[in-house]
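Undergrad: Dumping the structure here so I can ask a few things about it.
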Amino acid sequence: MKYAVFFLALLAMLPLGIVLSFNRRWMRYAFWCMAAAMCLYQQTAINFFSNEFYHGTARGMEVSLVYLLAFAILVAFAIRGRARGVFSDGGAKLFALYFILCLPSLTQSDDLLISWLEIWKMLMIFLLYAAVRTYLKATDDINTVVKTLALFTLMNALFTAKAHYAGVYQPGGVFPHRNGMAMGMLLLGPVFFAGYLSFGLLSRRGLLYAVAFVGAVISTFWSYSRGALAMVPVAYGITAMAMLWERKRTLRKLVRILPLFAAAAVGLLAMMPRIIERFTEAPKSSGETRVELAQCAFEMISDKPWTGVGINNWSLNMEPTHPYQDRASQIVGRELAYRGIVETVYLLVCAECGIPALLAMLAWFVWHWLLSVRLLGKLRGTEWYFVAAGLCGGLVVNYAQSVLEWVLRQPLNLICLMFVFAALSYLHADWRLPETKKKASTL
């Protein structure tokens, strides 16, 4: 039945793509639908070859509505002859290199089908990137992309608030886990904080950014994720410094920042008991488990440094029936009674796919952060400066928190990452001042 539903949905995307190709406004509506599709990622996902009991980073061959909408957008631009240039920037090439360097790990996989699930997820994620990047290159409409992320942030805040007031101690919003939600909001929240500093509350645009910023901050704190709480001042501090470095309407920005300190102080006082509880009453076993899993990862890397043990095969190697389980028990000095995933995306990628794949992933990450830094100069004094300033802070904390989390392998976090990577790539390679474009069109 699910195969029939999938092929019907896929066929429906073809006429939708044709319809979208006629009208740019409808294309904009498709992007706003993406925000809702992101919030309903699991509910709208068709899962082929599902293995829901597997403790890995991919448990099925997922095709969600957000990917189908991305496919429809690409179909629309293909019809108009404008679906080109996706691989023209360094970020896309580095992702392709990362993808290619993950493939040799298939030779070491205990289960190729399990590995294929992660490979498929990477392909779907790039499909989304291609749709966003193509849309930006063809339309120069970055406002729609930023607004889509703002709508997603607001909807996540509503889901988080509903769960919080229903008595959920650490709500995860629309994300599968609270830590993933906190990281996603720490990526997007600084962008809307910078947008609020740029536009204030007197315009509809500035008001939207301000509300999205508040929603992101509240969601982050309600997650009570220790890593996220520690990173909040880093993310927003870097963003504030980048905004002040612009030296444009500096006094207005300071006036907008100062009340936030007072609001933050009141909020912290109200939430302090639970925050202290999260740091002081966290089980000792949690820290021990992280260390033990890291030790196991280093052993896997030592055994197979160039290929790893197989993409998405970490949990198979930690199964009680797997030969490595006995060795892992010897490494930590006792019998392991868990199948957890190593709590750092860097060791996880290195253990599963080898050192070359890890280096490619690091290059992919660093490339986009360097773009955000470079764009501070290019966009200085323009309306989109705030995007680069916000991502300077947001990307730093996402990469830093990934030392203690593997959630950047989860689909929804990767979707957010691909949106901002596509925006950075467009601003770097294709965005120009409107008057410059008019001059270029007359040459």
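The values are calculated or read from the model by the stated rules, or taken from the named source; none is laboratory data. These numbers were taken from a predicted model, which means no experiment stands behind them. Cβ: placed from backbone, ideal geometry, glycine included. Neighbour counts: every protein chain shown. Accessible surface areas use protein heavy atoms only, side chains included; no ligands, DNA or RNA. Shrake-Rupley method; radii C 1.70, N 1.55, O 1.52, S 1.80 Å.
Undergrad: For the chain, with all protein chains present and a 1.4 Å probe, just round the carbon and sulfur fraction of the accessible area to a whole percent.
TA: Roughly 67 percent of what the probe reaches on the chain is carbon or sulfur.
Undergrad: Still on this model: Could you sort VAL63, VAL373, VAL255 by their accessible area in this structure, using a 1.4 Å probe and putting the largest first? Before the final figure, lay out each step's value.
TA: Working: VAL63 5, VAL373 60, VAL255 90 Å².
So, going from the largest accessible area down, we get VAL255, VAL373, VAL63.
Undergrad: Here is a further query. Towards the positive end of the charge dipole of the chain, with charges on Cβ (+1 Lys, Arg; -1 Asp, Glu), say which of ALA35, ALA360, LEU375 has the farthest Cα.
TA: LEU375
Undergrad: In debye, nearest 20: dipole of region 1-122 around its Cα centre with unit charges on the Cβ of K, R (+) and D, E (-)?
TA: 780 debye
Undergrad: Would you calculate the separation in nanometres between label points at VAL403 and PHE49, each defined as 7 Å from the Cα along the Cα-to-beta-carbon direction?
TA: 3.6 nm
Undergrad: Now, a different point. Can you give me the Rg/Rh ratio for region 323-431, using Cα atoms for both radii and the Kirkwood formula for Rh?
TA: Numbers: Rg = 18.1 Å, Rh = 15.9 Å.
Over the Cα atoms of region 323-431, Rg/Rh equals 1.13.
Undergrad: Which value, in Å², gives the accessible area per residue of region 185-262 when a 1.4 Å probe is used on the protein heavy atoms?
TA: 44 Å²
Undergrad: Could you give each residue of region 363-373 its phi-based ³J(HN,Hα) in whole Hz, using Karplus coefficients 6.51, -1.76, 1.60 with θ = phi - 60°, and x for Gly or Pro?
TA: Values per residue, Gly and Pro as x: 5, 4, 5, 5, 3, 6, 5, 4, 4, 4, 5 Hz.
Undergrad: Report the one residue of ALA194, LEU127, THR107 whose Cα lies farthest in the direction of the positive end of the charge dipole of the chain (charges on C-beta: Lys and Arg +1, Asp and Glu -1; origin at the Cα centre).
TA: Highest projection toward the positive end goes to ALA194.
Undergrad: Would you mind working out the magnitude of the charge dipole of the chain relative to its Cα centre, with +1 at each Lys and Arg C-beta and -1 at each Asp and Glu C-beta, to the nearest 20 Debye?
TA: Approximately 2360 debye in magnitude.
Undergrad: Taking the Cα centre of region 113-245 as origin, work out the dipole magnitude from +1 charges on Lys and Arg Cβ and -1 charges on Asp and Glu Cβ, in debye rounded to 20.
TA: The dipole of region 113-245 has a size of about 120 debye.
Undergrad: Mind grabbing the base-10 log of I(q)/I(0) for region 1-99 at q = 0.10, 0.21 Å⁻¹? Debye formula, identical points on the C-alpha positions, no solvent, two decimal places.
TA: -0.35, -1.16
Undergrad: Right, something else. Put +1 on the Cβ of every Lys and Arg and -1 on every Asp and Glu Cβ in region 19-178; which of HIS55, ALA70, LEU94 then has its Cα farthest towards the positive end of the dipole?
TA: ALA70
Undergrad: Got a number for the accessible area of CYS353? Probe 1.4 Å, square angstrom, nearest 10.
TA: Accessible area, nearest 10 Å²: 0 Å².
Undergrad: Under a 5 Å amide H to amide H cut-off, with H placed in plane at 1.01 Å, what residues pair with GLU62 once short-range neighbours are removed?
TA: PHE48
Undergrad: Tell me the accessible surface of SER302 in square angstrom (1.4 angstrom probe, heavy atoms of protein chains only), to the nearest ten.
TA: Near enough 80 Å² of accessible area.
Undergrad: Could you give the spread of the C-alpha atoms of the chain along their three principal axes, from largest to smallest, in whole angstroms?
TA: Here the spans come out as 68, 55, 40 Å, largest first.
Undergrad: How large is the accessible surface of TRP245 in square angstrom, using a 1.4 angstrom probe and rounding to the nearest 10?
TA: Only protein atoms counted, so the area is about 110 Å².
Undergrad: From the protein chains alone at 1.4 Å, what is the descending order of accessible area for THR307, THR160, largest first?
TA: The ordering from most to least exposed comes out as THR307, THR160.
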